[in-house]
Every structure is written in C-alpha cells, then in structure tokens.
Amino acid sequence: MGTVDFQHLEEKFFLTLNELDKTVLTVPALDLLKVENMKHLIDTYGTLIKARERSVAAAFFISWYAGVCGAMQHMLSRGDELLLDLSLSNLSVQLYVADGYPLFSFKINEVRFNQISTMNRDDEYKKSLDSFYREQVTPIIQLLSQLAPINAIPLWGQIVNALYAQMEEELAEASDEESRTMIVSFFKLLTHDVDASAFGLRNNPFNIKPNFIEHPNIPDQKMLVKTACCLAYCLDREFGYCYACPRVKEKDRALMRARN
C-alpha cells in the first residue's frame, strides 16, 4: 500500500478513497451492469450537461471511465508487482457538481491488490489486462452501446484517445531511456497481446496506427489525432469540432492554426 500514490491516482485518473460531499448520485459500479441503474446514471448526467441524446452522455461518461483504464496501464508501466484492484465490484461511481460543472469520481471501496508473479511477469500482465477488459470494461461498453444506442467502436475510441495521450505524456515525462522503453513495452501488451475477444470486437481497438498532426500552438511539435470524435460539438454547436478530431479535414485545421 505504501507504494501507491493515491494523490496521483486522484489527480490523473479520477480515483479516490473518499466519499464526496453533496454528490448528485452515487452508484456501486457493479450495479451499472443493470439496465435501469445505468439508464438512471446516464440520463441524470445527460440532463446536467444538457445532452440532447443519450449517446452523447454515454460517450462523455466513458471518457471519464477511461481514467480507470489509464490507472491500470500506469501501474503496468511502472512494473508494479501488486496491482490495485480496480474491478467494478471494488468501485463506486460518484457524480457530483463542482464550479457548476458535473464531474465523475471513482471511489475505491477497499484498498486491496492482485499479486503479479515475478517468474512470468509478462504473461501475468497479459492475463491481468485480458481479465480487466473482458470482465470489467467490455460489459460496461456493451450495455451502454445497447442503451444509448451507439456503436461500441466510438465508445472504445474514448478510452483509446485517453490511453494514447497518456502514453505520450508519460514518455515526455520519463527521466531515462529505461523508463521510456518500459512504458512502450507494456503499452504493446495492450495493443498487440490482448485478444480482440476481450473487447467483444473483431479487432483489438487499441491496435491502431497513430496519426500525428502539426501542433496548433507549438512549432515543430506534433500531436495525436483522436481515434474517435468526443461528441463535444453536440453540446455546443458554436464550439464545433476539436482541433484533433478525426472528422476535421486538414484544410480546416490550417484555418484553426491561423486563428491562434
């Protein structure tokens, strides 16, 4: 337990040990596998963000839940032998409002760990990733896809967006080449070694060829194009598409850069 930086998990991945005050709604994460509970959460959240369609609220929620997936990947990239239990049965979803904006936090109900064998660490990590996505994440995605309704691919895209951006950030912050090699190596476990069936798809959604574009504000720097649209334009038509949205054409990005 002493090696876990819970402040980092809270700041980066929306995980917390605390029950928040004045929450709009708190639901045991495992209960979200029941249609009525998930519908209540998404519709409550959708009302708060003024989503005109349930699919928008579903995509936004998954972009928050991507933090839990990011925390799992972060533990792997550090080579941790004890993986914090982030299963649905050990999380509670807290919907709350801060500064007038609805936010999500994922409470860790009990600080408990899954032991990774040092004898076959890579195989153990593969099994952990397979189990995590097959048993925890995929059921949430599939239920939301049916309920919203929305195709599962753009829902997975929200998690893909988050984890690729996280990898780039961690690589930039890594202090040495050994750390960078480990980050890339463990990310490849996710992109190449987890079978597509764990995601309920024909292909592993993380196994993509990243597309880089010119950064809008920093010369000579590249940034990733998102795998899927975040649907933010559905909330505010005047906002339009994000600069890194896959729906934006390069000529339109050039205009965005010129306005900066």
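Below are the figures for this structure:
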quantity	calculated
Some residue of segment 133-147 being surrounded by fewer than 18 Cβ atoms within 10 Å (Cβ to Cβ) and either under 13 Å from the mean Cα position of the chain (by Cα) or under 18 Å from Ala71 (Cβ atoms) (or both)	yes
Candidate set from segment 189-204 (those that are under 17 Å from the mean Cα position of the chain (by Cα) and without any contact (Cβ under 8 Å) to a residue 60 or more places away in the chain); member that is surrounded by the most Cβ atoms within 10 Å (Cβ to Cβ)	Asn204
One residue from Leu48, Leu41 being more than 17 Å from the chain's Cα centre (by Cα), hydrophobic (A, V, I, L, M, F, W, C) and more than 22 Å from Gly157 (Cα to Cα)	Leu48
Extreme residue, farthest from Gln166 (Cα to Cα), among residues of segment 210-260 that are touching a residue at least 12 places away in the same chain (Cβ under 8 Å), surrounded by fewer than 11 Cβ atoms within 10 Å (Cβ to Cβ) and polar (S, T, N, Q)	Asn260
Test: residue in segment 164-177 that is part of a helix (DSSP H, G or I), within 19 Å of Gly67 (Cα to Cα) and polar (S, T, N, Q)	yes
Strands (runs of 3 or more DSSP E) wholly inside segment 5-123 that include at least 1 residues being surrounded by fewer than 18 Cβ atoms within 10 Å (Cβ to Cβ), in contact (Cβ under 8 Å) with a residue 40 or more places away in the chain and β-branched (Val, Ile, Thr)	23-28, 91-98
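Every number in this text was worked out from the coordinates using simple rules, so none of it is lab data. All figures in this text were calculated on a predicted structure; none of them were measured in a lab. We place every Cβ from the backbone using ideal geometry, glycine too, and count neighbours over all the protein chains shown.
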